[in-house]
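Visitor: Here it is, the structure in full.
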Amino acid sequence: MDLDNMNALTLVFASILIFAIAYRFYGVFMAQKVLRLNDAITTPAVEFADGHDYVKTDRKVLFGHHFAAIAAAGPLVGPVLAAQFGYLPGALWILIGCVLGGGVHDMVVLFASVRHKGQSLATIASKEIGPVVGGITGIAVLFILILTLAGLSLACISAMHEAPWSLFTIILTMPIAIFMGLLMRYKAGSVTLASILGGILLIVGIIAGHRLMEIPVIHNLFDWDVKTISIATAVYGF
């Protein structure tokens, strides 16, 4: 094992330890001392269950959503920061930012939303502080979402334009996701089954996609330019 690989593994293990320690101690401190979580309090999804806006969700699914939320653009932005400033500033930015900033922010906002019957951050700000602050919060959230989607879209567009196999794989995830959602909705306790089937279908799609892209007609069907991909991404997001 050369020195570069050893340094990389050291950074990986150090990062895992930092996240584990933060989860075990700082996360528990936030939950018990700051937010004072109480399992006896009924969540809005249960209290106001209507099958539309309020739907009780399996904790494994919630974990997946929250994990994706805090990971967010880290895998995309991290390499870019490393290329521009070196790997150490990028790594520290992600590690310190996730523990002290992103994790706390997501946890507090989620907690506040649950305690306010699942309402949005702007609505909560209006009630707790005032309508002016609520309006400013709503505008700020809107612009943050626009910037986030624009940044992530650039990375996705770069990966999909004039790359039929990549585009085919991304499009394939849409019907697979719908299938998994319907299965979990109409078959109780099927999160694990849906996850396994979804993973298998995705792997099959990736392997089959390589063969399919060798067929000229199908290859041309998924060979989109940057402008088409950009418009399609915006339409999909809407």
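Visitor: Considering every residue within the range 124-134, establish whether at least one is among the hydrophobic types (A, V, I, L, M, F, W, C), closer than 24 Å to TYR54 by Cα, touching a helix residue (DSSP H, G or I) at 6+ places or on another chain (Cβ under 9 Å) and not assigned by TED's automatic domain parsing to the domain that holds ALA68. First the steps, then the outcome.
Guide: Let us first name the residues in the range 124-134 that are among the hydrophobic types (A, V, I, L, M, F, W, C), namely 124-125, 129, 132-133.
Then keep just the ones that are closer than 24 Å to TYR54 by Cα; that gives 124-125.
Within this subset, residues satisfying the condition of being touching a helix residue (DSSP H, G or I) at 6+ places or on another chain (Cβ under 9 Å) are 124-125.
Then keep just the ones that are not assigned by TED's automatic domain parsing to the domain that holds ALA68; that gives 124-125.
Yes; the residues of the range 124-134 include at least one that is among the hydrophobic types (A, V, I, L, M, F, W, C), closer than 24 Å to TYR54 by Cα, touching a helix residue (DSSP H, G or I) at 6+ places or on another chain (Cβ under 9 Å) and not assigned by TED's automatic domain parsing to the domain that holds ALA68.
Visitor: How do the pairs read when you match residues in the range 2-15 that are assigned by TED's automatic domain parsing to the domain that holds ALA91 and under 14 Å from LEU92 (Cα atoms) with residues anywhere that are surrounded by 10 or more Cβ atoms within 10 Å (Cβ to Cβ) and at pLDDT below 85, using Cβ under 8 Å and keeping only pairs 6 or more apart or on different chains?
Guide: Correct list of pairs: LEU11/TYR87; LEU11/ALA91; SER15/ALA91; SER15/LEU95.
Visitor: Could you tell me which of the residues ALA82, ALA112, ALA91, ALA72 is at pLDDT 85 or above, in the same structural domain as LEU37 (by TED's automatic domain parsing) and either more than 30 Å from THR42 (Cα to Cα) or under 21 Å from the mean Cα position of the chain (by Cα) (or both)? Talk me through it step by step, then tell me what you get.
Guide: Details: ALA82 fails: at pLDDT 85 or above; ALA91 fails: at pLDDT 85 or above; ALA72 fails: at pLDDT 85 or above.
The conditions single out ALA112.
Visitor: Another question, if that's okay. Might you check whether a residue that is under 17 Å from LEU62 (Cβ atoms) and either among the hydrophobic types (A, V, I, L, M, F, W, C) or surrounded by fewer than 11 Cβ atoms within 10 Å (Cβ to Cβ) (or both) occurs anywhere in the range 173-183?
Guide: First, pick out the residues of the range 173-183 that are under 17 Å from LEU62 (Cβ atoms): 177, 180-181.
Going one step further and asking which of them are either among the hydrophobic types (A, V, I, L, M, F, W, C) or surrounded by fewer than 11 Cβ atoms within 10 Å (Cβ to Cβ) (or both), we end up with 177, 180.
Yes, that holds for at least one residue.
Visitor: Here's something else I'd like to know. Filter the range 190-219 for residues that are under 19 Å from LEU62 (Cβ atoms) and surrounded by 13 or more Cβ atoms within 10 Å (Cβ to Cβ) and give the result.
Guide: Of everything in the range 190-219, those that are under 19 Å from LEU62 (Cβ atoms) and surrounded by 13 or more Cβ atoms within 10 Å (Cβ to Cβ) turn out to be SER190, VAL191, LEU193, ALA194, SER195, GLY198.
Visitor: Suppose we keep only residues that are outside any loop (DSSP other than H, G, I, E, B), surrounded by 12 or more Cβ atoms within 10 Å (Cβ to Cβ) and of a type in the set (Gly, Ala, Ser) within the range 25-68. Which one would you say is modelled with the lowest pLDDT?
Guide: Here the residue is GLY64.
Visitor: Assuming THR148 fulfils every condition listed in (1) surrounded by 14 or more Cβ atoms within 10 Å (Cβ to Cβ); (2) in contact (Cβ under 8 Å) with a residue 24 or more places away in the chain; (3) not charged (D, E, K, R) apart from one, which condition is it?
Guide: (1)
Visitor: A follow-up question, please. Given (1) in contact with a Leu (Cβ under 9 Å, 6 or more places away or on another chain); (2) closer than 15 Å to LYS60 by Cβ; (3) surrounded by 13 or more Cβ atoms within 10 Å (Cβ to Cβ), identify the lone condition not met by LYS187.
Guide: All conditions are met except number (3).
The values are calculated or read from the model by the stated rules, or taken from the named source; none is laboratory data. Quick caveat: nothing in here was measured; it's all calculated off a predicted structure. Please note: Cβ atoms are built from the backbone with ideal geometry, for glycine as well, and neighbour counts cover all protein chains shown.
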